[in-house]
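Take a look at the structure below.
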Amino acid sequence: MVSKLKSANASAAGQIISRSPRQIAWRRFRRNKVGMVSAGISIVVLMLSLFAPVVCKILGINPDELNLDLIDSSGIPTLPNGGISREHPLGLTPGIGRDLLANLLYGSRISFLVAFLTTGLAIFIGLIVGIVGGYFRGRIDDYLGRFTDFLLAFPAFFMIVALSEPMVARIQETGIAQGNSARVIFLIFFLSFFGWPGFSRLVRSQVLSLRERDFVTAAQAMGASRKRIIFKELMPNLWAPVIVVVSLSLPGYLAAEAVFSFLGIGIQPPATTWGILLDNARRFVTVYPNFFLITAGSLVLVVLAFNLVGDALRDALDPRSER
Amino acid sequence: MSSPLLSVRNLQKYFPTSRNVGFRKEKLQVKAVDGISFDLMKGETLGLVGESGCGKTTAGRTILKLIEPTAGEIIFEGQDITKLRPGLMTPLRAQMQIIFQDPFSALNPRQTVGKIIAAPFEIQKVTPEGGVKKEVAGLMQRVGLNPEHYNRYPHEFSGGQRQRIGIARAIALKPKLIVADEPVSALDVSIQAQVINLIDDLQKADGISIVFIAHDLSVVQHISDRVAVMYLGKIMELAKTEDLFTAPHHPYTTALLSAVPQPDPRGERNRERIILKGDLPSPINPPAGCVFNTRCWKVQEVCRSKTPELLTVGKSQVACHFPE
């Protein structure tokens, strides 16, 4: 009899499937079609970028090979549609006749590298500053708050333009990196330096409201250390908003890298990024619009996909937030 | 007579605040708790009642040193803990716990129930016999939860069940003192009864002393051995539950009791209501003399100048110049 009751209990419990907050968010995300498609595109693009050498080998394209036989004397591909053919799926870049798809793939690697490292560094600093300010409040928070205000009010764009040359030269002098590596370091460093205040404000506001919740008082009443309260009680509640802002700011930095390379203060040729390709395309836009449309279209597609994934993540993780 | 588990002497908690006067900032103090004293015996339940904003919750949290007191003494098991540093406070925290009013905010939404109830063992570095997991399952059973729900998250439970989780966490380390901060006022009436009876049973079994904060007088009457009535940060009357409810001495207590509806319609019809005039004065600038003098119908000149002490009248302690 007892065993019968027990098994009845077990089967009743089995019918109600227990779900963690993460599983619930995942189910909600899966129901969002736009989000799922965007996530698919984002993942495919990231994979193509990550495995660019393999992809290029399979397609038989080479980013550095100059197809001088396929362009005319003014640098325009001789074949129709900008040289789109079986060998060159997206055509050739004008001027020197490199394969466009291979250049887009290899170029995206630097763009993604800058975007990911910048976001990572900015969120790291933002988390520390935000948690310290929000948890300890008082004078520390005042000083940190004024400093973030200062950075937010600072004309960061002009700063980066103005400091680009001397700072890159300084980095090269120290011997840490040369050429384009130095420029990548400069971009990541400065973009994240001006990027973290946004994150820190978000984290601070979250911590300020979380620390007043009773479960934090409960932890204090049990004698929990500050470390435990911050890492075990507060941090797990911060991941949802942090994931959302990360996914929304990634495309921003992707575009920022393109802008600075476009302006000529980022990565320099012969290396390729999407910004450099766009800068090239601009010069040929009247005679050879294909190149511009494909390059700009790729950037728009990726930035849009990342943004939509961010939106979908926000809806999934925080159903109460409004659009 | 045995020595009390907890002695509170002249406890004060003032919160600093400021008001803009022109371009100047005037520094002010909110007198949330303004000199309360009481003893709590082992296994006793002391009800703490009063209107909202009278300092009940602040008093409860200050006793546990979750808020640093401004002045006064808190003596727990003969040890003065008023000035104890947080580090030295940690081992004592195993013996004093708190149950919260809002069961939705009291549990971390990102932790499973098992983890929440196991937290006290983790923090106090206590390993119970048979392991933490077994102990947690036992605790869940004790408070009326299914131990199979160990891996569930708080959002999967109802308000009453969450309150049970909070209670399981509070009794995990077998504390000697629990401050129950309006533990049932957020629950439905039917659930209130279950949770109150649960607290009552656990207390009888473990001999816990409880400071039971509430504004619902019938709840307090049911659970408390003694009751303290608070008004504007001060204790107005402190008496055995039956004495307080049958023979109130302080006009404020009389007014409070007259507000309790009676289940019997005939009694309800004849019930004499004392309706207090005016609003609760601001705790920033409480009235001089007796704090209740602005709303008392028995007010005399002396009430406006001299603060009444908490003195013994009959079997009760009353802070009034003209007790009944």
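The values are calculated or read from the model by the stated rules, or taken from the named source; none is laboratory data. This one's a predicted model, so the numbers in the text were calculated from it and none came from an experiment. For neighbour counting, all protein chains shown are included, and Cβ atoms are generated from backbone atoms with ideal geometry for every residue, glycine included.
Okay, here's what the table says:
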{"read-out": "Qualifying residue in segment B:139-148 (condition: touching a residue at least 12 places away in the same chain (Cβ under 8 Å), assigned to a helix (DSSP H, G or I), in contact with a Phe, Trp or Tyr (Cβ under 8 Å, 6 or more places away or on another chain) and within 14 Å of chain A (Cβ to nearest Cβ))", "value": "yes"}
{"read-out": "Odd one out for B:Gly131, checked against (1) within 25 Å of A:Ala240 (Cα to Cα); (2) out of contact with any Phe, Trp or Tyr (no Cβ under 9 Å at 6 or more places or on another chain); (3) without any contact (Cβ under 8 Å) to a residue 40 or more places away in the chain", "value": "(1)"}
{"read-out": "A:Leu317 vs. criteria buried (at least 17 other Cβ atoms within 10 Å of the Cβ), over 14 Å from the mean Cα position of the chain (by Cα) and more than 30 Å from A:Arg30 (Cα to Cα)", "value": "no"}
{"read-out": "Qualifying strands (runs of 3 or more DSSP E) (wholly inside segment B:170-266; at least 2 residues being crowded, with 16+ Cβ neighbours inside 10 Å and among the small types (Gly, Ala, Ser))", "value": "B:209-214"}
{"read-out": "Test: residue in segment A:218-237 that is in contact with an Asp or Glu (Cβ under 6 Å, 6 or more places away or on another chain) and within 14 Å of chain B (Cβ to nearest Cβ)", "value": "yes"}
{"read-out": "Test: residue in segment B:52-69 that is part of a strand (DSSP E or B), out of contact with any Ser or Thr (no Cβ under 8 Å at 6 or more places or on another chain) and either away from chain A (no Cβ under 14 Å) or loosely packed, with under 15 Cβ neighbours inside 10 Å (or both)", "value": "no"}
{"read-out": "Selection within segment B:26-51 - assigned to a loop (DSSP other than H, G, I, E, B) and not basic (Lys, Arg)", "value": "B:Met41, B:Gly43, B:Glu44, B:Gly50, B:Glu51"}
{"read-out": "Selected residue [touching an Asp or Glu at 6+ places or on another chain (Cβ under 6 Å), at pLDDT 80 or above and more than 28 Å from A:Pro21 (Cα to Cα)] from A:Phe262, A:Phe292", "value": "A:Phe262"}
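Matching residues to (1) modelled with pLDDT under 85; (2) crowded, with 22+ Cβ neighbours inside 10 Å; (3) over 30 Å from A:Cys56 (Cα atoms):
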{"position": "A:Leu100", "(1), (2), (3)": "yes, yes, no"}
{"position": "A:Ser111", "(1), (2), (3)": "no, yes, no"}
{"position": "A:Leu117", "(1), (2), (3)": "no, no, no"}
{"position": "A:Ala122", "(1), (2), (3)": "no, yes, yes"}
{"position": "A:Arg139", "(1), (2), (3)": "no, no, yes"}
